[in-house]
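K.L.:
If you scroll down you'll find the structure; I have some questions about it.
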Amino acid sequence: MKIGFIGLGNVGGKLAGNLLRSGRELVVRDLDRDVAQPFLDQGAGWAETPAEMVWACDLVITCLPSPAASAAVMEGADGLLTALGPGKIWAEMSTTDAEEMIRLAALVEATGAAPIECPVSGGCHRAATGNISIFAGCDRETFDAMLPVLTVLGRRVLHTGPIGSASRLKVMTNYLATANLVTLAEALTTMKAAGIDLATTYEAIRISSGNSFVHETESQVILNGSRDINFTMDLVLKDIGLFEKIARDHGVPLTLSPLLVEMFSDAIDRYGPRERSPNIIRRYEEPTGLDIRAPGFPSEMVDDEPSAPGYEVQRRGT
């Protein structure tokens, strides 16, 4: 199976790298050809347009920063939809709006091609090692065809159901991670104000019922001061806004979610949309005058989980 990959950003570049290292035949495209050059140097091909990539490949993966970017790649003058047809697969790995995913998937199906949504979760450091988790929304036949590729891209692969289910679950997990990030920022600042050593605070959380994946990753780069988790405030706001929309569309009254949307909207106004997301801590550092840093923490996360073959996660009761 010849694979095309469009979007070589923070996550997409690492996922495409996994395909190259596994020996898959790969064609790449990005708006910035310089970003693609390392892949070309390692033997990947280049597509001048999305349509050209479809003609050359059996499977085309997109991993893009917004629903608008995905729509442009799909529906542009030389977009994927102009060339997709029977025997082809389009895999959307972007974090996107479920309704938009359903709309684009229907257009893909009308060409005779098969769509699958497969957003990832676990952070850029796990995308780089193939240990990231993948949610896959599609029919079972397409899932089975894609599983050998998905288990190269990630470690744990969950078939979530029909198109739209994976996108909804993905933004739900990002909402939970954002809530956790904000509560950690409040906890670290409060302990600093109370005179508790921050390295001790980190360990107390880590060995307690308050521990989490977000604590073991984002708290470390907060305390280092780099605040570099390869994720920005505009992307946080996009994702929690999509979760808020799901709740609103289904008549679920939320309390915390609107507060998070308000917080990150305000943070973007203050610090800019491309500010690193862990710098939400600045909303607590600045009014208190406290410096939430401590020695001994890394500036970026490295995945220390040994790489292992990917597999399908089985749901309970199946």
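The values are calculated or read from the model by the stated rules, or taken from the named source; none is laboratory data. No experiment lies behind these values; they were computed from the predicted model shown. In this analysis, Cβ positions are derived from the backbone assuming ideal geometry, glycine residues included, and neighbour counts consider all displayed protein chains.
To keep it simple, each residue is scored yes or no on (1) in the same structural domain as residue 230 (by TED's automatic domain parsing); (2) part of a helix (DSSP H, G or I); (3) more than 14 Å from residue 221 (Cα to Cα); (4) under 24 Å from the mean Cα position of the chain (by Cα).
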| residue | (1), (2), (3), (4) |
| --- | --- |
| 258 | yes, yes, yes, yes |
| 266 | yes, yes, yes, yes |
| 295 | no, no, no, no |
| 298 | no, no, no, yes |
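K.L.:
Please identify the pairs in which a residue from the stretch 170-186 that is in the same structural domain as residue 281 (by TED's automatic domain parsing) has its Cβ atom under 6 Å from the Cβ atom of a residue that is surrounded by fewer than 20 Cβ atoms within 10 Å (Cβ to Cβ) and not in a helix (DSSP H, G or I), counting only partners at least 6 apart or on another chain.
P.N.:
Close Cβ pairs (under 6 Å, with a partner that is surrounded by fewer than 20 Cβ atoms within 10 Å (Cβ to Cβ) and not in a helix (DSSP H, G or I)) amount to 180/212.
K.L.:
Please indicate, with yes or no, whether at least one residue in the stretch 118-137 is outside the structural domain of residue 240 (by TED's automatic domain parsing), part of a strand (DSSP E or B), touching a His at 6+ places or on another chain (Cβ under 6 Å) and over 23 Å from residue 244 (Cβ atoms).
P.N.:
yes
K.L.:
Shifting gears a bit: Could you check, for the stretch 166-174, whether at least one of its residues is out of contact with any strand residue (DSSP E or B) (no Cβ under 9 Å at 6 or more places or on another chain) and more than 20 Å from residue 60 (Cβ to Cβ)?
P.N.:
Among the residues of the stretch 166-174, at least one is out of contact with any strand residue (DSSP E or B) (no Cβ under 9 Å at 6 or more places or on another chain) and more than 20 Å from residue 60 (Cβ to Cβ), which makes the answer yes.
K.L.:
Any chance you could count how many residues in the stretch 203-252 are part of a helix (DSSP H, G or I) and either of a type in the set (Phe, Trp, Tyr) or touching a residue at least 12 places away in the same chain (Cβ under 8 Å) (or both)?
P.N.:
So in the stretch 203-252, the residues part of a helix (DSSP H, G or I) come out as 203-206, 213-224, 233-249.
Among the residues that remain, those that are also either of a type in the set (Phe, Trp, Tyr) or touching a residue at least 12 places away in the same chain (Cβ under 8 Å) (or both) are: 205, 213-215, 217-224, 233-246.
Of the residues in that region, 26 qualify.
K.L.:
Looking only at the stretch 135-147, filter to residues that are surrounded by fewer than 23 Cβ atoms within 10 Å (Cβ to Cβ) and free of Cβ contacts under 8 Å to residues at least 60 places away in the same chain; which one of those is nearest to residue 99 (Cα to Cα)? Let's see the steps before the verdict.
P.N.:
Filtering the stretch 135-147 for residues surrounded by fewer than 23 Cβ atoms within 10 Å (Cβ to Cβ) gives 139-145, 147.
Adding the requirement that they be free of Cβ contacts under 8 Å to residues at least 60 places away in the same chain leaves 139-145.
Values: 139: 17, 140: 20, 141: 22, 142: 20, 143: 20, 144: 24, 145: 24 Å.
If we take residues in the stretch 135-147 being surrounded by fewer than 23 Cβ atoms within 10 Å (Cβ to Cβ) and free of Cβ contacts under 8 Å to residues at least 60 places away in the same chain, then 139 is nearest to residue 99 (Cα to Cα).
K.L.:
Can you find a residue in the stretch 304-314 that is within 30 Å of residue 136 (Cβ to Cβ) and assigned by TED's automatic domain parsing to the domain that holds residue 189? Don't jump to the end; show me each part of the working.
P.N.:
Residues of the stretch 304-314 within 30 Å of residue 136 (Cβ to Cβ): 304-314.
Going one step further and asking which of them are assigned by TED's automatic domain parsing to the domain that holds residue 189, we end up with none.
Within the stretch 304-314, not a single residue is within 30 Å of residue 136 (Cβ to Cβ) and assigned by TED's automatic domain parsing to the domain that holds residue 189.
K.L.:
Of the residues in the stretch 163-186, how many are of a type in the set (Lys, Arg) and touching a helix residue (DSSP H, G or I) at 6+ places or on another chain (Cβ under 7 Å)?
P.N.:
1
K.L.:
Of 25, 48, 92, 75, which residue is touching a strand residue (DSSP E or B) at 6+ places or on another chain (Cβ under 6 Å), of a type in the set (Asp, Glu) and not assigned by TED's automatic domain parsing to the domain that holds residue 276?
P.N.:
Result of the check over 25, 48, 92, 75: 92.
K.L.:
Right, next: Do you know which residues across the stretch 9-52 are in contact (Cβ under 8 Å) with a residue 40 or more places away in the chain and part of a loop (DSSP other than H, G, I, E, B)?
P.N.:
9, 10, 11, 22, 24, 47, listed by residue number.
K.L.:
Let me ask another. Taking the stated definitions as given, is residue 49 closer than 23 Å to residue 108 by Cα and crowded, with 21+ Cβ neighbours inside 10 Å? Write out each step before concluding.
P.N.:
Details: closer than 23 Å to residue 108 by Cα: yes; crowded, with 21+ Cβ neighbours inside 10 Å: no.
In short, no.
K.L.:
Give me a count of the residues in the stretch 266-282 that are in contact with a helix residue (DSSP H, G or I) (Cβ under 6 Å, 6 or more places away or on another chain) and not polar (S, T, N, Q).
P.N.:
7
K.L.:
Tally the residues that are outside any helix (DSSP H, G or I) and over 22 Å from residue 8 (Cα atoms), restricting the search to the stretch 157-189.
P.N.:
7
K.L.:
Okay, moving on. Output the number of residues of the stretch 231-267 satisfying the condition of being within 11 Å of residue 171 (Cα to Cα) and in contact with an Asp or Glu (Cβ under 8 Å, 6 or more places away or on another chain).
P.N.:
2
K.L.:
Which residue is modelled with the lowest pLDDT, if the candidates are limited to the stretch 53-86 and must be within 20 Å of residue 18 (Cα to Cα) and in a loop (DSSP other than H, G, I, E, B)?
P.N.:
65
K.L.:
Would you check if residue 282 is without any contact (Cβ under 8 Å) to a residue 60 or more places away in the chain, out of contact with any strand residue (DSSP E or B) (no Cβ under 8 Å at 6 or more places or on another chain) and over 23 Å from residue 172 (Cβ atoms)?
P.N.:
Yes.
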